[in-house]
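The values are calculated or read from the model by the stated rules, or taken from the named source; none is laboratory data. Here the structure is a predicted model, which means the values were calculated and not measured. Every residue, glycine among them, receives a Cβ derived from its backbone with ideal geometry; neighbour counts consider all protein chains shown.
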Amino acid sequence: MNSTDVGVAGLENNPFIVTWCLTTCFMLFFVGMSSFAEAPEDTTTSYGSKYYEAFLELSENSMSDSDKKQLASIYIKEITDDGETIIMNYNSEYEAFHYWGDSNISFTTLNSLAQLYAIENNCKAVCIDYNEEIEKAVDKMEKRKTIQENIICETLPANSPFASFKKYNMATSRATKNSTSIIPERCNHFRRKGTVSEWDLSNGKWVNSINSETSKTWVIVPEETTLTHTISYSEWKSASKL
């Protein structure tokens with residue numbers, strides 16, 4: 001019997017070594033498959049939060065009614081990550097952002113575009129921070145929940161079959177009927193005015209935005225004038241003889 005036969009025989013006579021080898025192979029196999037199947041971390045930013053940090057960096061500014069009215073003639077055009085083209089302006093008469101788009105557009109997308117509109121035109125005052133309003137609503141809901149849990153039931157004497165709540169507790173109970181609902185008190189409002197092709201102005205041109213690779217702002221261009229040169233009669237007569 002050679003050395004190879006001895007080694008094989010040794011393995012056959014030692015089931016512990018065989019089991020250990022098989023277990024190790026299976027572990028290495030599954031670890032390798034797990035590493036291979038693990039998806040890479042998604043570091044992309046969703047369109048809904050694409051401009052939020054830049055929006056937060058805007059300084060708080062007060063705007064007069066006249067300043068807000070002027071926004072009705074200032075537009076922005078954006079191509080979203082989904083290839084959707086949207087044109088938007090702000091109308092102070094309706095206290096809403098008007099937009100033109102060819103399909104139904106989600107609130108999240110419109111809200112992000114409103115933030116870009118505020119960035120482009122330095123008008124943070126007309127754009128509501130929806131994230132902040134949600135946080136306020138959650139905080140308010142938690143406070144209502146705490147009050148509801150602390151409601152004290154004040155009973156009548158033991159021989160009475162009835163029980164009653166204090167008046168303020170009854171009011172609290174009614175107010176907390178829908179305490180699990182998160183409803184922000186304020187949010188941006190949007191009104192669809194039509195399709196992109198229905199938006200039509202002829203006194204301006206689109207220029208590339210400095211804040212977005214796809215966004216463009218509408219700039220009013222002064223009317224071009226044709227320069228004319230007035231000549232004297234003698235100049236005209238001399239020119240006509242040529």
Q) What pairs come up if the first residue lies in segment 188-203 and is part of a loop (DSSP other than H, G, I, E, B) and loosely packed, with under 14 Cβ neighbours inside 10 Å, the second is modelled with pLDDT under 95 and among the acidic types (Asp, Glu), and their beta carbons are under 6 Å apart, counting only those six or more places apart or on different chains? A) THR195/ASP102
Q. Here are ALA125, ALA114, ALA96: which of them is within 17 Å of ALA72 (Cβ to Cβ) and within 14 Å of the chain's Cα centre (by Cα)?
A. ALA114
Q: Return yes when PHE97 is out of contact with any strand residue (DSSP E or B) (no Cβ under 7 Å at 6 or more places or on another chain), aromatic (Phe, Trp, Tyr), at pLDDT 90 or above and surrounded by 11 or more Cβ atoms within 10 Å (Cβ to Cβ) and no when it is not.
A: no
Q: Being surrounded by 16 or more Cβ atoms within 10 Å (Cβ to Cβ) and of a type outside the set (Ser, Thr, Tyr) is the filter here, so list the residues in segment 50-75 that pass it.
A: LYS50, PHE55, MET63, LYS68, LEU71, ILE74
